[in-house]
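Engineer: What follows is a structure written as structure tokens; I'll ask about it next.
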Amino acid sequence: MGTRPVGGAVRRTRAARGLGLALGYGLDRWLGDPRRGHPVAAYGRAAAALERRTYADSVAAGAGHVGLLVGSAWLGATVVDRAVRRSPVALTAWTALVTWTVLGGRSLEREASAVARHLERDDLAAAREQVSHIVSRDPAALDAAGVTRAAIESLAENTSDAVVAPLVWGAVAGAPGMVAHRAINTLDAMIGYRNERYERYGKVAARLDDVVNWLPARLGATLAAGRSAAARRAVREDSAAHPSPNGGRIEAAFAGSLGIRLGGANAYGGKVEDRGVLGDGRPAQPRDMARAVRLARRVQRGTLAVALAAVGSLAALDRVRTDPAPGPRHHG
């Protein structure tokens, strides 16, 4: 009997976290990213300020930079998480707030849809400017097809990084897991580049980002592919040519599901990188953007369902582990 209170507390914690994930997802769908004072933007500014003190052209310096920033973010979130854990209402609110903060699905869709509207009006200059908000490649030389491809590839990869992965880590490790993932992902976006400055300093950030997104990317690719044989083939045969072990899978799944062709050569800071051809369909066209947005929403909804099911399964497992087995029955 002594184990029941512990088991009940654990199950209440998991229930609160599951509800918080669902509410936070709903807030992202309703509001998108906060317009001002976004915590992730503040974290990025702090990381940039620290980089001016920690930068050196070495892997060790980059590892220290990442360890300090990710460790402090995780520790801060863990302290708060433990403080609110005794109150299911407080834990639900805290988890919902963190979930809303780290998710970027609605805002990403807005950016992609804005690119499509500019292209529909034949305003290529505006489309190039808009797509620069969500890609790091050079947009100046892109034609309409190139802008479309860039936007869909970014939509696919960031659906995995900014929606699927946070929800997965939220289901596994609660708010601290989501905060740590977002910290790693932000650092990868800042320093995880293969160029003269970050080749060594950013290596740990890039590799760590690959690790924490490995499983979410495969879940996202599975959800995006659905029952499409073309999508499954693209993931299986084409994704290996992509330089990212995670981005290639989700982009290939989007290409196959939409019946289009993604990938190819991209220019980054004057350097050209061949990302392989993903899918065997026709080139992407502006009208495909709306279909890509709908596919991204399907992946997001599917991920939420998987995350909530995982939380429920963990709660059920906790019940089995902590509830005592019934004693022997006596007949008389």
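Nothing in this text is a laboratory measurement; each read-out follows from the coordinates by a stated rule. From a predicted model like this one, the values you see are computed outputs, not experimental measurements. Glycine gets a Cβ as well: all are built from the backbone with ideal geometry, and neighbour counts include every protein chain shown.
Engineer: List the residue pairs whose Cβ atoms are under 6 Å apart, where the first residue sits in region 240-266 and is free of Cβ contacts under 8 Å to residues at least 24 places away in the same chain, the second is surrounded by 24 or more Cβ atoms within 10 Å (Cβ to Cβ) and outside any helix (DSSP H, G or I), and the two are 6 or more positions apart or on different chains.
Structural biologist: Close Cβ pairs satisfying both conditions: R261/G279.
Engineer: Kindly indicate which of A205, A151, A162 is among the small types (G, A, S) and under 14 Å from the mean Cα position of the chain (by Cα).
Structural biologist: Result: A162 is the single residue among A205, A151, A162 that is among the small types (G, A, S) and under 14 Å from the mean Cα position of the chain (by Cα).
Engineer: Residues in region 119-141: is at least one under 17 Å from P286 (Cβ atoms), among the basic types (K, R) and touching a helix residue (DSSP H, G or I) at 6+ places or on another chain (Cβ under 8 Å)?
Structural biologist: yes
Engineer: Could you tell me which numbered condition P39 fails, if it satisfies all but one of (1) surrounded by fewer than 16 Cβ atoms within 10 Å (Cβ to Cβ); (2) over 30 Å from Y201 (Cα atoms)?
Structural biologist: So P39 meets the others, but not (2).
Engineer: Looking for whichever is among the hydrophobic types (A, V, I, L, M, F, W, C), surrounded by 13 or more Cβ atoms within 10 Å (Cβ to Cβ), farther than 30 Å from V204 by Cβ and touching a Phe, Trp or Tyr at 6+ places or on another chain (Cβ under 9 Å) here; the options are L31, L27, L69, L91. Which one fits?
Structural biologist: Just one listed residue meets the conditions, L27.
Engineer: So V163 ticks every box in (1) without any contact (Cβ under 8 Å) to a residue 40 or more places away in the chain; (2) in a helix (DSSP H, G or I) but one. Which box is left unticked?
Structural biologist: (1)
Engineer: Among the numbered criteria (1) surrounded by fewer than 24 Cβ atoms within 10 Å (Cβ to Cβ); (2) farther than 21 Å from T148 by Cα, which one does P243 miss?
Structural biologist: (2)
Engineer: State whether one or more residues within region 133-140 are crowded, with 24+ Cβ neighbours inside 10 Å, without any contact (Cβ under 8 Å) to a residue 24 or more places away in the chain, hydrophobic (A, V, I, L, M, F, W, C) and closer than 26 Å to A47 by Cα.
Structural biologist: So far as region 133-140 goes, no, none of its residues is crowded, with 24+ Cβ neighbours inside 10 Å, without any contact (Cβ under 8 Å) to a residue 24 or more places away in the chain, hydrophobic (A, V, I, L, M, F, W, C) and closer than 26 Å to A47 by Cα.
Engineer: Across region 188-218, which residue is surrounded by the fewest Cβ atoms within 10 Å (Cβ to Cβ) among those that are assigned to a helix (DSSP H, G or I) and acidic (D, E)?
Structural biologist: D210
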